[in-house]
1. Within the stretch 58-78, is even one residue among the small types (Gly, Ala, Ser), closer than 24 Å to Leu114 by Cα and modelled with pLDDT of 95 or more?
2. Out of Ile77, Ile65, which single residue is part of a helix (DSSP H, G or I), β-branched (Val, Ile, Thr), more than 16 Å from ligand 1 (Cβ to nearest atom) and buried (at least 17 other Cβ atoms within 10 Å of the Cβ)?
3. Looking only at the stretch 82-96, filter to residues that are away from ligand 2 (no atom under 12 Å from the Cβ) and aliphatic (A, V, I, L, M); which one of those is farthest from the chain's Cα centre (by Cα)?
4. Can you tell me how many residues within the stretch 33-73 are touching a Lys or Arg at 6+ places or on another chain (Cβ under 9 Å), within 16 Å of ligand 2 (Cβ to nearest atom) and polar (S, T, N, Q)?
5. Kindly list, by first and then second residue, each pair from a residue in the stretch 142-155 that is farther than 11 Å from Met116 by Cα to a residue that is at pLDDT 90 or above, limited to pairs with Cβ atoms under 6 Å and residues at least 6 apart or on different chains.
6. So which residues in the stretch 107-133 are open to solvent by less than 40 Å² (accessible area, probe 1.4 Å) and assigned to a loop (DSSP other than H, G, I, E, B)?
Amino acid sequence: MLTGIGIMLLTFVVMEVVAWVMHKYVLHGFLWFLHKSHHTRHNHAFELNDLFFAWYGTLAMLFFIFGSEPLDYRFWIGAGITLYGVAYFLIHDVFIHRRIKAFGRTSNVYFKALNMAHRVHHKSSGKDGSESFGMLWVSPRYFKAASEVVNKKDKRGAVHH
Ligand SMILES: [Zn+2]
Ligand SMILES: [Zn+2]
């Protein structure tokens, strides 16, 4: 069980690396025709880019199927992929892109930094010229920028009280 949870957490971390590589070299590479929908402004509920959820969902399902009866490490890899998918959806789709209005503003430096980094990614609407391809890992410079914004707000708050 403990080993299982370890495999699951490791898979979660590996998935961030996989997502980064995929995003930088595949989505902004030969699968740009699918990912393009996510870099274009629109008012549809879904994008072609959402197919990637189906892809990772199918992958996780296969791991679950082959890793149960008897339960083995593949089950936990499936669990790690699923956990990452849920985190990715909550952060990228709900928190950053607000596809579902569930979260308000935050003064949490990490979440602010995530948001900033991803907004920079979206600055470019073309295949090339984007940066910050990761999701949960954020470059230290965004942490710095985010904590400056949070500190400024704190100071302003103090003047009014
Ligand atoms: Zn992109
Ligand atoms: Zn995005």
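The values are calculated or read from the model by the stated rules, or taken from the named source; none is laboratory data. From a predicted model like this one, the values you see are computed outputs, not experimental measurements. Every residue, glycine among them, receives a Cβ derived from its backbone with ideal geometry; neighbour counts consider all protein chains shown. Surface areas here come from the heavy atoms of the whole protein model, side chains and all, with no ligands, DNA or RNA. Shrake-Rupley method; radii C 1.70, N 1.55, O 1.52, S 1.80 Å.
1. Looking through the stretch 58-78, none of the residues is among the small types (Gly, Ala, Ser), closer than 24 Å to Leu114 by Cα and modelled with pLDDT of 95 or more.
2. The unique qualifying residue is Ile77.
3. Leu83
4. 1
5. Ser147/Val109; Val150/Val109
6. Ser124, Gly126, Ser130, Ser132, Phe133
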